[in-house]
Amino acid sequence: DWQYETGVSFDDVGGMNETKWELQREIILPFAKDGAADELGVTPSNILFHGPPGTGKTHLAKALATELQLPAAILTGSAVNSKWINESAEQARTLFEEAREIAATEGGAIIFIDEVDSVLKQRTGAGSSHAEDAKVVNEFLNHLEDTANEIVFVGATNRLDSLDTAATRAGRIDKKVEIGKPDQRTREAILRAQLDKRSHVIPDEMLGRVAAETEGYVAADLEQLVTKAAKQALQSGDNEIRPRDVANAMTAVTK
């Protein structure tokens, strides 16, 4: 299911300015300046987002696809895995073959796999995978070495330590980006980005206060809070979110 429009851009990603700058340098510029990049021997990096659940890794991958203006396959690892012998490796091969076909006509393609630890499991040591898992890992390793200027591979995981080390070395996945729990300034930016999608009359000072009171919240929690406030407004017969709606949502959304 290749998406040509994800509906998310960097403007919709609250905060994460340093991360967005890294993606600009590692991926967007090499694609945008491909002539100069070729002269300098620079190719777009494959990226691994890692961090706790709900921190916005998938949201960020969708925004990256929009910034690149390239079609994207946005999957979970379970969509690649199959219970049938050899089928998981075949599906991985098909995924990259499709990506190359699309890249040939569109100028590039993005493969994003959430829960990538389910397809790039450790092959040795504690918790080592069985033979079928190893086949899938080997298939991915072969393709990750050959993405070049055509394909950007983006993986996301909550379990960085469970990934096969051969997959995460330079030349296959070139850059690891930690997406951690947001600090107060980032929480405020996330809240603002969520509210800007909706009609509201929330003053800046209230945003700052809510950001200060939501220590430990991740992006998904903050989105839930704003959604709850919007539902409160709708229930009250309003067509915009008011401070009382946010206050009520704060009592309803607990950590």
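Could you pull out the longest piece of the chain with no exposed loop chymotrypsin sites (Phe, Trp or Tyr not before Pro) in it, calling a site exposed if DSSP puts it outside H, G, I, E, B and it has at most 14 other Cβ atoms within 10 Å?
85-255
How much net charge surrounds F31 when only other residues with a Cβ under 11 Å from its Cβ are counted (Lys, Arg +1; Asp, Glu -1)?
Neighbourhood net charge equals -3.
For segment 1-89, the residue among A63, A73, P52 whose Cα projects farthest onto the positive side of the dipole built from Cβ charges is P52.
A viscosity of 1.002 mPa s and a temperature of 20 °C, combined with the Kirkwood radius over C-alpha pairs in the Stokes-Einstein formula, give segment 1-131 a diffusion coefficient of 131 µm²/s.
Note on segment 104-254: with charges restricted to the Cβ of Lys and Arg (+1) and Asp and Glu (-1), its dipole about the Cα centre is near 360 debye.
Report the net charge of residues surrounding A252, where surrounding means a beta-carbon distance below 10 angstrom and charges are Lys +1, Arg +1, Asp -1, Glu -1. In short, +2.
Would you work out what percent of the accessible area of the chain, with all protein chains in place, is carbon or sulfur (probe 1.4 Å)? In the chain, the share of accessible area belonging to carbon and sulfur is 46 percent. Relative to the dominant Cα principal axis of the chain, helix 131-144 is inclined by about 90°.
So I have (i) 55, 44, 28; (ii) 52, 41, 36; (iii) 56, 43, 37, and one of them is Cα extents along the principal axes in Å calculated from this model. Which one is it? Identified label for the calculated read-out: (i). Run through the DSSP bridge list for the chain and note the antiparallel percent, rounded to the nearest 5. In the chain, approximately 15 percent of DSSP beta bridges are antiparallel ones. Entry note, the chain: the mean residue ellipticity at 222 nm calculated from DSSP H runs of n ≥ 4, each adding -39500 (n - 2.57), is -13500 deg cm²/dmol after division by the residues and rounding to the nearest 500.
Per residue, the chain exposes an accessible area of 50 Å² to a 1.4 Å probe, with every protein chain left in place.
The values are calculated or read from the model by the stated rules, or taken from the named source; none is laboratory data. Because the structure is predicted, anything quoted here is derived from the model rather than measured. Neighbour counts are summed over all protein chains in view; Cβ atoms, including those assigned to glycine, are modelled from backbone coordinates with ideal geometry. These accessible areas exclude ligands, DNA and RNA; they are computed on the full protein's heavy atoms, side chains included. Shrake-Rupley method; radii C 1.70, N 1.55, O 1.52, S 1.80 Å.
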